[in-house]
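This report concerns only the one structure given below.
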Amino acid sequence: MQREEIDRILAQAAGRSVPHSLNPAVIERAKAALPEKLAPVRPLASPWVFTSVLLGAFAVVSVLCAWLLGLRGLRALNGIQLTVIFPVLLAGAGVAAVAGVREMRPAGGQRIGRFALAVSTLALLGAFALLLRDYDTQKFVSEGVPCLVAGLACAIPAAIAIWLFLRRGFVLDLPAAGLAAGTLAGLAGIAMLEMHCPILKASHVMFWHVAVVPVCGIGGLLIGAVAQSVRRRRS
């Protein structure tokens, strides 16, 4: 097939697709809807850049909060516990950060917010179950509630920072983005607790510390759902 034949076929197809008796008023309305000037749009950076920034926010907030409250937990952990707990936390934070970055752009990849929440929670429970042997439940509530409150208090500034960063993209699914942001913020809260809290009872850590992650993840999901509903009403 020659080039001229291809041009002729395309021209005939275009002629059939556009009616010849199109109302001029419709054309003018279509022209009026088009912007007069098209400003260039700055492309989003690579996903790994955004993932690194979110991991940086996770690390800075958790370390700063632990430093303000005191690093007694680090002194209580032995070498094996340190080399297992914090890599597990960092791996979970990495998955949650990727989940958040994928929500920043349409067709950014498969949504993995639920996966990040489930895997990080189960991995932490498994790590603590292997490392901690003391299942004493004395002072379970009196020692646990302050840790839960402290973890959630640390997660709040982390969630704000993460959400402000996610807004730099084009988030379509606010509940999914909220779930990812909440999970990452919750992991910042539990990372702070592991650096701050010297209580190494398995029952305490596996319940009160780990609870920060699902509470924040589900909270982010609910907040995102409310924000999505408000957005739809306004539109």
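Read the figures in this text as sums done on the coordinates, not as results from a lab. Keep in mind it's a predicted model, so treat the numbers as computed, not measured. FYI the Cβ positions are ideal-geometry reconstructions off the backbone, even for glycines, and counts take in every protein chain you see.
Note that the range 207-217 has calculated 3J(HN,Hα) couplings of 9, 6, 6, 5, 4, 4, 5, x, 4, 5, x Hz, one per residue in order, obtained from phi through the Karplus relation 6.51 cos²θ - 1.76 cosθ + 1.60 (θ = phi - 60°); glycine and proline are x.
The spread of Cα positions in the range 47-234, taken along each principal axis and listed from longest to shortest, comes to 51, 31, 28 Å. Each residue of the range 191-205 was assigned a 3J(HN,Hα) from its phi angle through the Karplus curve 6.51 cos²θ - 1.76 cosθ + 1.60 (θ = phi - 60°); the sequence is 4, 4, 4, 5, 7, 9, 7, x, 7, 10, 6, 4, 4, 5, 5 Hz, with glycine and proline shown as x. Fewest-first ordering of Met206, Met192 by other beta carbons within 10 Å of each residue's beta carbon gives Met206, Met192.
List Leu54, Leu221, Leu172 from most exposed to least, where exposure is judged by having the fewest other Cβ atoms within 10 Å.
Details: Leu54 27, Leu221 22, Leu172 14.
Placing the least packed residue first, the sequence is Leu172, Leu221, Leu54.
Rank these for me by crowding, Ser52, Ser120, Ser46, Ser203, going from fewest to most other beta carbons within 10 Å.
Details: Ser52 15, Ser120 27, Ser46 10, Ser203 18.
With the fewest neighbours first, Ser52, Ser120, Ser46, Ser203 line up as Ser46, Ser52, Ser203, Ser120.
A quarter of the convex hull surface defined by the alpha-carbon atoms of the range 146-235 gives 5.8 nm² as the mean projection.
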